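Novice: Attaching a single structure in structure tokens format; questions to follow.
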Amino acid sequence: MKLEIRLTRSLIGRKPNQVKTAHALGLRKINQVVIKESNEAIDGMIKTISHLVSINEVE
């Protein structure tokens, strides 16, 4: 299953681990979208920054 991950909130003023997690997912600008395959590592990264992103499943 693939996930469409969109950065909806700013990274300014966030904890360093949250900023690094967003960058590791490929998210740098607001409303930027990346598509990633769902696995345990990606799910953990999403959980860390769940308040900053929106997630949609892609077929």
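Novice: Please enumerate the residues belonging to region 11-33 that are under 12 Å from the mean Cα position of the chain (by Cα), surrounded by fewer than 16 Cβ atoms within 10 Å (Cβ to Cβ) and not in a helix (DSSP H, G or I).
Specialist: Those that are under 12 Å from the mean Cα position of the chain (by Cα), surrounded by fewer than 16 Cβ atoms within 10 Å (Cβ to Cβ) and not in a helix (DSSP H, G or I): Gly26, Arg28, Lys29, Ile30, Asn31, Gln32, Val33.
Novice: Specify the residue that is nearest to Val53 (Cα to Cα); the eligible residues are those in region 1-10 that are in contact with an Asp or Glu (Cβ under 8 Å, 6 or more places away or on another chain) and not in a loop (DSSP other than H, G, I, E, B).
Specialist: Checking each candidate, the answer is Glu4.
Novice: Still on this structure, please answer the following. Out of the residues in region 40-59 that are charged (D, E, K, R) and assigned to a helix (DSSP H, G or I), which is farthest from Gly13 (Cα to Cα)?
Specialist: By that ranking, first place goes to Glu40.
Read-outs throughout are calculated quantities, based only on the coordinates presented, and are distinct from any laboratory measurement. As the structure is a computational prediction, the values presented were derived from the model and not from experiment. Positions of Cβ are generated from backbone atoms using ideal geometry, with glycine treated the same way; all protein chains shown enter the neighbour counts.
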